[in-house]
Amino acid sequence: MALLLEHEFKPLPADKQIETLPFLEAVAHLPPFFDCLGTPIVYSPVKADLTGNIKKIRAVYDSNPAKFKTLQNILEAEKEMHGSAWPKTGATLALMWLKRGLKFMLVLLQSISDGERDEEHPNLIRVNAMKAYEIALKKYHGWMLQKLFTGSVYALPYKSDLLKALEKGKEVKEEESIEKIHQFLSRVTPILDAIYEMYTKMNAELSYKA
């Protein structure tokens, strides 16, 4: 899958310390995924949000690469630097929203690769997108955003068109595309799980609505 496998994520080390630079370099290739979902009014802001948060984390990392070598280094340093304003500040806040956008993407792809579908309309991805939204983003969105997202599922592309877009227009058998999604998920899911775990352990997760 050309788009998803364009830049490999480093395997999660045993100590679950995620190196900042390789993570940012790999994740920087993922925002175009949201172009494949169509509905610019909904997904262009999500893409822009992802891109903006990657840039914010990168700016913090570039200010002192040795100090901010891992994502955990960033959270620990910002907790000390910002005091009571933390975690609703800096790269900590940017990574918080970045991981939610990535979670939406991963749950959507996992649901598709698991074969979850509307039996009456098997080529639609509404079921998969709604599952991803419910799990990753809904509780952090106010009423208006929730309505916008719920309405947007009716304008999503067919599954076959999404898979073709992820292959950058190439005609590839569905089984091959699904296998590439599995490869991508096997690399990225453990990393994202470790980031969520880190936020929980450091009590850095916030539940305010956007």
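The values are calculated or read from the model by the stated rules, or taken from the named source; none is laboratory data. Quick caveat: nothing in here was measured; it's all calculated off a predicted structure. Here Cβ is always computed from backbone atoms with ideal geometry, including for glycine, and neighbour counts include all displayed protein chains. The area values use the complete protein model at the heavy-atom level, side chains included, leaving out ligands, DNA and RNA. Shrake-Rupley method; radii C 1.70, N 1.55, O 1.52, S 1.80 Å.
Computed over Cα pairs, the Kirkwood radius of segment 1-110 leads via Stokes-Einstein (1.306 mPa s, 10 °C) to a diffusion coefficient of 107 µm² per second. Entry comment: accessible area of segment 83-210 is 50 Å² per residue, from protein heavy atoms only and a probe of 1.4 Å.
Taking the chain as the reference, fit the longest principal axis to its C-alpha atoms, fit the long axis of helix 126-136 to the helix C-alpha atoms, and give the angle between the two in degrees, 0 to 90, nearest 10. Helix 126-136 sits at roughly 10 degrees to that axis.
Note on segment 134-183: Cα-only Rg and Dmax are 14.7, 39 Å. I'd like the orientation of helix 90-113 relative to the chain: the angle between its Cα long axis and the longest Cα principal axis, in ° from 0 to 90, rounded to 10. Tilt of helix 90-113: around 20 degrees.
Computed from the alpha carbon atoms alone, the convex hull of segment 53-123 holds 112 Å³ per residue. The C-alpha atoms of the chain define a longest principal axis, and helix 143-152 lies at about 40 degrees to it. Placing a pseudo-label 7 Å from each Cα along the Cα-to-Cβ vector at Met81 and Ala2 gives an inter-label distance of 3.9 nm. Expressed as a whole percent, the accessible surface of segment 77-168 that belongs to carbon and sulfur atoms is 54, based on a 1.4 Å probe.
Computed over segment 160-200, the alpha-carbon pair-distance distribution with 5 angstrom bins reads 5, 22, 21, 15, 13, 11, 9, 4, 0, each value a whole percent. Computed on segment 117-210, the Cα convex hull volume stands at 125 Å³ per residue. Stokes-Einstein diffusion for segment 106-167 at 10 °C, viscosity 1.306 mPa s, with a Kirkwood radius from C-alpha pairs, works out to 131 µm²/s. Each principal axis of the Cα cloud of the chain was evaluated for its coordinate range; sorted largest first, these ranges are 53, 37, 25 Å.
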